Structures are given as structure tokens and as C-alpha cells.
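The values are calculated or read from the model by the stated rules, or taken from the named source; none is laboratory data. Since this is a predicted model, take the numbers as computed values, not measurements. Ideal geometry is used to build each Cβ from the backbone, glycine not excepted, and the neighbour counts take in all protein chains shown. In case anyone asks, the SASA skips ligands and DNA or RNA and just uses the protein heavy atoms, side chains included. Shrake-Rupley method; radii C 1.70, N 1.55, O 1.52, S 1.80 Å.
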Amino acid sequence: MWSDLEKFTLECNRINDVDDLCRALESFLGKLGFNLYAFGNLYGDKKSLMEDHGPAIAMNLPEKWIQHYFEREYFDIDPVILATPYVQRYLKWDNLRQYQPDFFAEAEHYGLKNGIAIPLRTFDGCYVLSIMSSEVFDIGESLINVLEIAAGHFFRCYLSVRKIRHVPVNFSDKQIQAIQLSMLGKRNAEIGTIIGRSTSGVEWMLKDARQQLGCKNLPELISRSVQKGIVTIG
């Protein structure tokens, strides 16, 4: 497993085409028992969305399942799509079945019996690599570690091949604190008192943060900041 990972990373380093990169990924995953995958952009890469006419960049899922998925508009209830932007490491299907049992039962009918989703983040976007199998087996921690390393390296190579450069946000500590306090229901005047800024100063910080993340309003700013890991609680 680890030797296959080493060969895969070296192979990716020599590839300069997205299709070839995805074929290398498919071959590597097959050696680990995963015969299906889907790689896509959830937000932050408008060019890929326009090029591929949807969030999926590459996949090898059964055509009948893809057709069924979009006919039923399952993208509105798919737990992987909905939850991935908010998780730190991964989502195992075993932990999601209870929330949408009918959805996963239908996926199994079309041959998707087991899976794990790994979020892949940039400063201004979130992608997901869903790794699936037609067989049922335990996805243990050692296997997860290999998959996470492989996914991360694949993603870095993908960004390099596509020449995608993401500009990090430039939030001050006070801005982050202001967003966090807003998330907790504090008004601008209260926030100003807590962080030592005027009310207008807080308003400016939040407006600047919205502009940097391309958000229209405060709820969107809070949601995007949480998704990106800029703001946390605890």
C-alpha cells in the first residue's frame, strides 16, 4: 500500500495533463480496492465549473447512476456534497447513512456500496474527492492516511497543471475576532467594545472581509469563513 503510494506520487510529478493525472489516480485507487471515484469543485473555481458544466471535474461512476442522480436532483440532499465543506479531514459513508438511508440504498443498488470523501481546500475554494467501491470492506485509519496523502498530492499536482493560483485572504486578528463575535450574535457596538474598536471601525472590518471573500452579506461571510477554517469556536 505504501509502496503503491510512493509510485503514485512520483508518477503524478511527471504528469502535465489533467486527464492523465486522473487516469493515474483511478489506477492507484483501484489497487486499494476502490474502483470508483468522483473529483469536483464545490466552490471557488468558476473556470472549472464553466469548463465542465457542473461541479464534477472527473469521474468514472456508472452512467445509469449519474443519470438517476441528476433526474432525482440528489445534489440537493447528497450528504457528501452538503457536509464536505465543513469537515476537517474526511467523511465515511458509514457515518452518513443514518441521515439519508434511502439515498445510500439507491447508490448501493447502482453499485456504489462503500465510500469516503476527502475535502481539498484552497484559500478561496473547496474541492472534494469522493472515493468509492463496489465492495464492502472496512476503511481503517491506516488506509485513510494513505488516501489522504494521495488525495493531497494529486490535488497539488492538479492545481499546478491547471496553473491555478489562489490568493490568500488578508484578515487581521481583529477582523477574525469580529467575524467570530458576529457569529455568536453580537452587534457591531458590542463587538467594538470587546475588541477595542469603534462601531464604524467594526463595520469597515466586516465590509472589507466580505469584499475579500466575495460575500454579499454577513451570514454568507460567516458561513464562508467557517468553511475555509478562518473562524472556529473553541
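Neighbours of Asn188 by Cβ distance under 15 Å: Lys/Arg scored +1, Asp/Glu scored -1, total +3. Legend: residue pairs Lys31/Lys113; Lys64/Lys92; Lys163/Lys207; Lys92/Lys163; Lys7/Lys228; Lys207/Lys228, Cα-Cα distance threshold 20 Å; pairs beyond threshold, Lys64/Lys92; Lys163/Lys207; Lys92/Lys163; Lys7/Lys228.
Only helical runs count toward this figure. For the chain, summing -39,500 (n - 2.57) over DSSP H runs of n ≥ 4 and dividing by all residues gives -15500 deg cm²/dmol at 222 nm. Note on the chain: with charges restricted to the Cβ of Lys and Arg (+1) and Asp and Glu (-1), its dipole about the Cα centre is near 1080 debye. Amide H contacts under 5 Å for Leu61: Tyr37, restricted to partners 5 or more places along the chain or on a different chain, H placed in the peptide plane at 1.01 Å from N. Here each label is just a point 7 Å from Cα along the line to Cβ, and for Asn145 and Lys64 those points are 4.0 nm apart. Loop-resident trypsin sites (Lys or Arg not before Pro) (DSSP state other than H, G, I, E or B) in region 173-227 with no more than 10 further Cβ atoms inside 10 Å of their Cβ: Lys216. Taking amide H as placed 1.01 Å from N in the peptide plane, Tyr43 has its amide H under 5 Å from the amide H of Cys126, each at least 5 places away in sequence or on another chain.
Result for the chain in a Gaussian network model with C-alpha springs under 10 Å: among Ile194, Ile131, Ile139, the largest mean-square fluctuation is at Ile194. When a 1.4 Å probe is rolled over the protein heavy atoms, the share of accessible surface on region 53-158 that falls to carbon and sulfur comes to 53 percent. Counting charges near Tyr86 (Lys, Arg +1; Asp, Glu -1) among other residues having Cβ under 13 Å from its Cβ returns a value of +4. Accessible surface computed residue by residue for region 1-111, with neighbouring protein chains in place and a 1.4 Å probe, gives 59 Å² per residue. For region 134-208, run through the GluC sites (Glu not before Pro) and keep only the ones in DSSP coil with at most 12 other Cβ atoms within 10 Å of their Cβ. Here the GluC sites (Glu not before Pro) that fit, given the DSSP loop and packing criteria, are Glu135.
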